[in-house]
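Worksheet: the structure to be examined is printed underneath.
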2 protein chains.
Amino acid sequence: MTRIKKILLDESEMPRQWYNLTPDLLSPLNPPLGPGGKPITPEMLAPVFPMNLIEQEVSQDRWIDIPEEIRNILVQWRPSPLVRAYELEEALGTPAKIYYKNESVSPAGSHKPNTAIAQAWYNKQFGIKRLTTETGAGQWGTALSYAGALLGLEVKVFMVRVSFDQKPFRKLMMQTWGGKCIASPSTETQAGRNILEKYPDTPGSLGIAISEAIEAAVTDPTGQTRYSLGSVLNHVMLHQTIIGLEAKKQLAKVGIKKPDVVIGCCGGGSNFAGLAFPFIYDKVNGADIQVIGAEPFSCPTLTKAPFVYDHGDVAEMTPLLPMYSLGHNFIPAPIHAGGLRYHGMAPLVSAALKDGLMEAQAIHQSECFEAGLLFSKTEGIIPAPETTHAIASAIREAKKAKEEGKEKVILFNFSGHGLMDLVGYDKYMTGQLSDYEYPESEIASNLAKLKGYPLPK
Amino acid sequence: MTRIKKILLDESEMPRQWYNLTPDLLSPLNPPLGPGGKPITPEMLAPVFPMNLIEQEVSQDRWIDIPEEIRNILVQWRPSPLVRAYELEEALGTPAKIYYKNESVSPAGSHKPNTAIAQAWYNKQFGIKRLTTETGAGQWGTALSYAGALLGLEVKVFMVRVSFDQKPFRKLMMQTWGGKCIASPSTETQAGRNILEKYPDTPGSLGIAISEAIEAAVTDPTGQTRYSLGSVLNHVMLHQTIIGLEAKKQLAKVGIKKPDVVIGCCGGGSNFAGLAFPFIYDKVNGADIQVIGAEPFSCPTLTKAPFVYDHGDVAEMTPLLPMYSLGHNFIPAPIHAGGLRYHGMAPLVSAALKDGLMEAQAIHQSECFEAGLLFSKTEGIIPAPETTHAIASAIREAKKAKEEGKEKVILFNFSGHGLMDLVGYDKYMTGQLSDYEYPESEIASNLAKLKGYPLPK
């Protein structure tokens, strides 16, 4: 057989259903809790999300159909290629076979459009005309703007002011797709005005931006605006599982029954879940697969945080979610993988870790950028700083395979390209980057503030 | 048959030969001329290019094998998808079927790596260790840096100072791949030092950068450095024909024997030639195909310039080339499609126009950016400013097809994405862009400076 670099699927082979991990968890998912510690009901979420997405959020169904109209848009870039990293393997001298799922091929450059398109479509079906959201580094805001353009929905993105100022190109991407990008805090919401009155020069935060985006959605008097979130929630994980479902078909095409190791980087959890959950399904059903979530050493949610109930945001606007959390007041160091700077973790990913269905690795950013440079010079594509965490983890496993002399199959998610994030590489190459490690005591004192919160089972 | 968005080829279906238009021209190609108006011999080029590429430059062979080692690298992104622009067609309400060849999927984001990889490989085969080149907007410098990384060659890029200062991300892309990017004029060459002495604050020019890159190559005492050019030359056109050869196979897969219209944007000519030449081959053999080169109104080489002998560069370092030229002193307006700001045109493209094998359209940049925005909001991908010229031309033809009620097949080259060039979109959207049109008199007075040059047949 001749060497094949990219394993492709025809559009007709694209999965027709998403996979929901919920019914396959070893212990039932703890519900989100509202005021007074009572479980949130679907009706309570109705002002924020359309009911069709709320149904997906709470669904116990293992398989959920992907509407044909959504599939017709996803084919603008899907199925994405599964690529054999021959050149990286050669540079490492490893007997391991390394494969990566290339999600950077989407118009927005990452996996985010998988759920942005789906969410925009369900909102439109429900009669919604406008979406609001927040964005930190900018990946999610661009993905939702792209989805809004395709589906004819207005999109308003509250972008953390410091990023808004430092990353003008992200804003321009959103605007090119017709998205409206506003620096947060803004004068458009009460939450924003309150903050600006107190702190006129604030750089903003994701917590504030979330507050503004939710307020802008729920206060629209026409009732035709909803809020959209790019990670953490169950329905977001669901929409991303198309990644892993495709990867399974692609591995089968080259005669691989199962990978030995599956790796994704973890911020809120969505690209990791997208690749890993379909393989965790196999694991639950007896397959021997090592599943690794790779996170920054400076934001060690999976490796150092407890499993608790906590808010998803700094402003305590969201329900309490059952998850590993460093505490919602935790402020991660300003590493360049902005998408991984999150204090919590998706409840479904948290449940998988708690159930022992996955493990976690924390990696310093210098090791990650070194991995990103090696990848760029071998496989060609410059990875997003977030993605370099998965690459660094894959390289660790490939080196281990070399030591053990084992021909392991390692699969990781190449979640996005780094063309909009080259400043991080520059700082790494010019020796301006530091690695961060939080003292245990600081994490502990931050977590102490959760005292009195209910505990998940 | 269900709707198929992207027509893919397996890697095993990737072409194994490039197509050389030279033997199929209706009149023989005029040779490049050196000092005294005498034809340049291969030996005279030897200090600048390796002999294996010089052989390709002067080859009369119609088909030239693509070495397997080059094919093994090209598959990092090739075959590229041929995409049916359903969403764009719908927005236009046209009966035309619009297809685009998506060359933006390469790691560098454009078609340039098709020849960068080939040139780097041939240089390496010839024992060369280092490549020098110049870059204006930055696309070519990034592509050659990527190729250098993959093949283990040092790459030094002389980047026009004004771009070097205005486009720091292009420089960072090159550095991430290990390329050395230097602002031109520099103190590294005699040519650069001379200019700096006279004009210490010069913004630089492509002409100066070419002079420096050639000097840096030919003065290396080890003899292991050569110069590399990203467009204009015959061997560059050759390497790009893989684009059109793939497109033919892909159209055949959906039962299309030939497109009615083939379109590419024209700067130096390489992406146009890459798509169009294999179809011009069919045209020479009797097929009824309209082939259109789309150029900026502000740099109307194909539509307003004469067919002459002229230098390829401002500094008069290159041989005289037989081409349509606005005169090598022509300074195009600062439009955002930097890659199309070139006074001349590849000799092979010029010959095709002179032989009546293609036609040309000049389009203002405002029409192009409008086309680029419509494309972004329908097909999803944000196009490079250069590429928007091909899109605008395709939209013109699709509207014509609507008026005529004809179900034409329109094929264009999507030569690159615009993620590194969003400033142009911003200026267009905020009303800061002007369209430029040169008075005929200015073009004429510029061309008058070519008096006394030999004339091509």
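A short reminder: the numbers here are calculations on the coordinates, not readings from a lab. Just so we're clear, the structure is a prediction, and the values are computed from it rather than from any experiment. We place every Cβ from the backbone using ideal geometry, glycine too, and count neighbours over all the protein chains shown.
Observations
- For segment B:342-393, convex hull volume per residue from C-alpha positions, Å³: 93 Å³
- A helix-only calculation puts chain A at -12000 deg cm²/dmol for mean residue ellipticity at 222 nm, using -39500 (n - 2.57) for each DSSP H run of at least four residues, averaged over all residues.
- Residue among B:F49, B:H328, B:Y436 farthest towards the positive dipole end of the protein assembly as shown, charges placed on Cβ: B:F49
- Dipole check for segment B:98-172: with +1 at the C-beta of Lys and Arg, -1 at the C-beta of Asp and Glu, and the Cα centre as origin, the magnitude is about 120 Debye.
- Over segment A:27-91, the Kirkwood radius and the radius of gyration, each from Cα atoms, give a ratio Rg/Rh of 1.21.
- 19 Å reach of a label modelled at A:T187, 7 Å along Cα-to-Cβ, counting backbone N of segment A:160-174: A:160-162, A:165
- Among beta bridges that DSSP assigns inside the protein assembly as shown, antiparallel share in %, nearest 5: 35 percent
- P(r) tail for segment B:39-141: Cα pairs beyond 18 Å make up 64% of the total.
- Across all Cα atoms of segment A:301-421, the radius of gyration (one decimal) and Dmax (whole number) stand at 16.1, 51 Å.
- Computed from the Kirkwood radius of its Cα pairs, the Stokes-Einstein diffusion coefficient for chain A at 4 °C and 1.567 mPa s stands at 59 µm²/s.
- Cβ crowding within 10 Å averaged over residues, with B:79-92, A:110-123, A:429-442 ranked highest first: A:110-123, B:79-92, A:429-442
- Compared with the dominant Cα axis of chain A, that is its longest principal axis, helix A:385-404 is turned about 30°.
- Remark: chain B carries a charge dipole of roughly 540 debye about the Cα centre, counting +1 on each Lys and Arg Cβ and -1 on each Asp and Glu Cβ.
- Other protein chain C-beta atoms within 10 Å of residue C-beta, averaged over B:136-148: 1.
- With a 10 Å cut-off around each Cβ of A:437-446, the average count of Cβ atoms from other chains is 0.
- A dipole drawn for segment A:187-277 from +1 and -1 charges on Cβ atoms has a positive end, and of A:S205, A:I243, A:S231 the residue lying farthest that way is A:I243.
- Amide H contacts under 5 Å for B:D310, placed H, 5+ residues apart: B:L321, B:M323
- Members of B:K101/B:K180; A:K5/A:K408; B:K5/B:K167; B:K408/B:K457; B:K304/B:K451 lying beyond 25 Å, as alpha-carbon distances in this model show: B:K101/B:K180; B:K5/B:K167; B:K408/B:K457
- Listed residues A:A394, A:S350, A:I381: farthest to the positive end of the dipole of segment A:340-398 (Cβ charges): A:S350
- Remark: the protein assembly as shown projects, on average over all directions, an area of 37.8 nm² (convex hull of Cα atoms).
- Inter-chain Cβ neighbour count for A:377-385, averaged per residue, equals 5 (cutoff 10 Å, partner chain atoms only).
- Against chain B, whose longest principal axis comes from its Cα atoms, helix B:206-218 is set at around 60 degrees.
- Size of charge dipole - the protein assembly as shown - debye, nearest 20, with Cβ of Lys, Arg +1 and Asp, Glu -1, no other charges: 840 debye
- Over chain A, relative contact order from alpha-carbon pairs under 8 Å, at least 6 apart, %: 19 percent
- Helix A:113-125 and the longest principal axis of the Cα set of chain A meet at an angle near 40°.
- Once the C-beta distance of A:V254 and A:N329 is scaled by a Förster radius of 45 Å, the resulting FRET efficiency is 0.45 to the nearest 0.05.
- Applying 1/(1 + (r/R0)^6) with r as the Cβ-Cβ distance of A:T41 and B:R3 and R0 = 51 angstrom yields a FRET efficiency of 0.80.
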